[in-house]
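What follows is a single structure, written as structure tokens, with notes after it.
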Amino acid sequence: MPIRARSVPTVILALTLLVGAAAHAQDNDKGRMSAVAIGAELAAQGGATTLTLVLSKPVEAHAFVMERPDRAVIDLPEVNFQIAPEAGSKREGVVTSYRYGLFAPGRSRIVVDLAGPAVVDGVETKTRRDGATLLSIAFRRTEREAFRKAAVASDPAPSLRKAPPVEALDSRPLVVVDAGHGGTDPGAIAKTGVQEKDIVFGFATSLADRLRASGRYRVTMTRDRDVFVPLGERVRVARDAKADLFISIHADSISAAPQVKGATIYTGSEKATDSESAKLAERENKADAAAGTDSAIGPADVTDILAELTLRETRGFSSSFAHRLMGQLSPVMEMSTKPHREAGFVVLRSPDVPSVLVELGYLSSKSDLEKLQSDEWRAGVTGSMAKAIDLFFAGRATSAQPTGAPPSTTGSVPFGPGASGRKMPRQR
């Protein structure tokens, strides 16, 4: 690919950006500097479309293609992307768009959406005079059958994150807070460029911090930074840790209906409450495909009567928490016209962990977006969510007490064995 001549000021600016960004690109695991990407260019010439990254140093790239939908995936070692988010929205040749981000610890990924079947025609690395590295990935249109054969050798799923060890003597309820999307999956994007993954991560972190500060709960998050986590793994994190409650945080967007606003709480069900809920679940369940991987989890596995009873009881607990949450949130935030709905979200398919998905609002709504970015609003809402969690566990502990035992009057979560009140046998 021809490299355009650059003026001296441009070269100096590039070097300044490289040095400044590299100073913050320390690799936490190995103590080495990760590469920094400060620019990206998409160009079509002849029958090829080329994506070129400007990097602070050479990296090894592994590219492959996937079908349904047609996309190309470029795996890299961890890269600090200092590229404007709107850069990936450009359409050129066979490329309709692309996104990038941290895919797993130590691994970054670029997912390229293709207008049709195309193969990776070559990966080339060059060094510029200013010391920057140009990584170019070329795509060439091909026939459907050739593309299908190229897609057969797909990328193996990243190794699963291990759930944090559970202390045997700590009987406090375990709450798993799930910040939706992340890494190569930005989720919804507002007209201002604000991305759902950043909004929900900030909110989820604040909620987790508030719960930890209360001292009443053990808390873990499915992701602790801007990294992609497959949907099935989010469920496995909660189950493997024997969580008592799973809360997934999201923020939707409907560009065609900017007047729609307000929060909605979802619980799991094979049959959606309405067509809107079904469509939302379908969009959210495509997150794995958007990140260049395939979902490895199906519907909840109900193989016998005991498992079916467990699932039914779990969903009862989920609905109970949803109603308590709705009662606490209604006074402090605007709710949608149907504040509690059901749908088949993948992250709500755990058969033995009560789970809810909270859509905080709509990035397409100006008023919702302003609130979602307000620290004061976030503090009020996380406080109300914490109260709902207190009521949920206090209620379950009371219902689990022996007949004739005096009810709890403290209004807080009791400690000690059985504090969570779980009566459900676990299916492994």
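Would you confirm, using the coordinates I've provided, whether Ala115 is modelled with pLDDT of 90 or more, open to solvent by 10 Å² or more (accessible area, probe 1.4 Å) and of a type in the set (Gly, Ala, Ser)? In short, yes. Is it the case that Ala179 is closer than 22 Å to Ala322 by Cβ and either more than 18 Å from the chain's Cα centre (by Cα) or touching a residue at least 60 places away in the same chain (Cβ under 8 Å) (or both)? Against the criterion (closer than 22 Å to Ala322 by Cβ and either more than 18 Å from the chain's Cα centre (by Cα) or touching a residue at least 60 places away in the same chain (Cβ under 8 Å) (or both)), Ala179 qualifies.
Residue-wise test of (1) touching a strand residue (DSSP E or B) at 6+ places or on another chain (Cβ under 7 Å); (2) within 14 Å of Asp252 (Cα to Cα); (3) of a type outside the set (Val, Ile, Thr).
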| position | (1), (2), (3) |
| --- | --- |
| Glu342 | yes, no, yes |
| Val347 | yes, no, no |
| Pro354 | yes, no, yes |
| Val358 | yes, yes, no |
| Gly361 | yes, yes, yes |
| Asp368 | yes, yes, yes |
| Asp375 | no, no, yes |
| Ala379 | no, no, yes |
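The condition of being surrounded by 18 or more Cβ atoms within 10 Å (Cβ to Cβ), of a type in the set (S, T, N, Q), closer than 22 Å to Ala44 by Cα and touching a residue at least 24 places away in the same chain (Cβ under 8 Å) does not hold for Ser108. Among the numbered conditions (1) at pLDDT below 95; (2) of a type in the set (D, E, K, R); (3) surrounded by fewer than 15 Cβ atoms within 10 Å (Cβ to Cβ), the only one that Asp288 does not meet is (3).
Output the residue which, of all residues in region 350-409 that are among the β-branched types (Val, Ile, Thr) and more than 22 Å from the chain's Cα centre (by Cα), is modelled with the highest pLDDT.
My answer is Ile389.
Only one entry of Lys30, Lys57 meets the criterion of being more than 14 Å from Ala118 (Cα to Cα), of a type outside the set (A, V, I, L, M, F, W, C) and modelled with pLDDT of 90 or more, and that entry is Lys57. Among residues of region 255-275 that are farther than 17 Å from Leu348 by Cα, those with a Cβ under 6 angstrom from a residue that is open to solvent by less than 20 Å² (accessible area, probe 1.4 Å) and among the acidic types (Asp, Glu), sequence gap 6+ or separate chain, pair up as Lys261/Asp368.
Can you go through Ala263, Ala281, Ala188, Ala241 and tell me which one is open to solvent by less than 10 Å² (accessible area, probe 1.4 Å), modelled with pLDDT under 95, touching a Leu at 6+ places or on another chain (Cβ under 8 Å) and not basic (Lys, Arg)?
Of the residues listed, the single one that is open to solvent by less than 10 Å² (accessible area, probe 1.4 Å), modelled with pLDDT under 95, touching a Leu at 6+ places or on another chain (Cβ under 8 Å) and not basic (Lys, Arg) is Ala241.
The values are calculated or read from the model by the stated rules, or taken from the named source; none is laboratory data. Keep in mind that this is a model prediction, so the values were computed, not measured. Note that we place each Cβ from the backbone using ideal geometry, even for glycine, and neighbour counts take in every protein chain shown. To get the accessible areas, we keep the full protein, side chains included, count just its heavy atoms, and leave off ligands, DNA and RNA. Shrake-Rupley method; radii C 1.70, N 1.55, O 1.52, S 1.80 Å.
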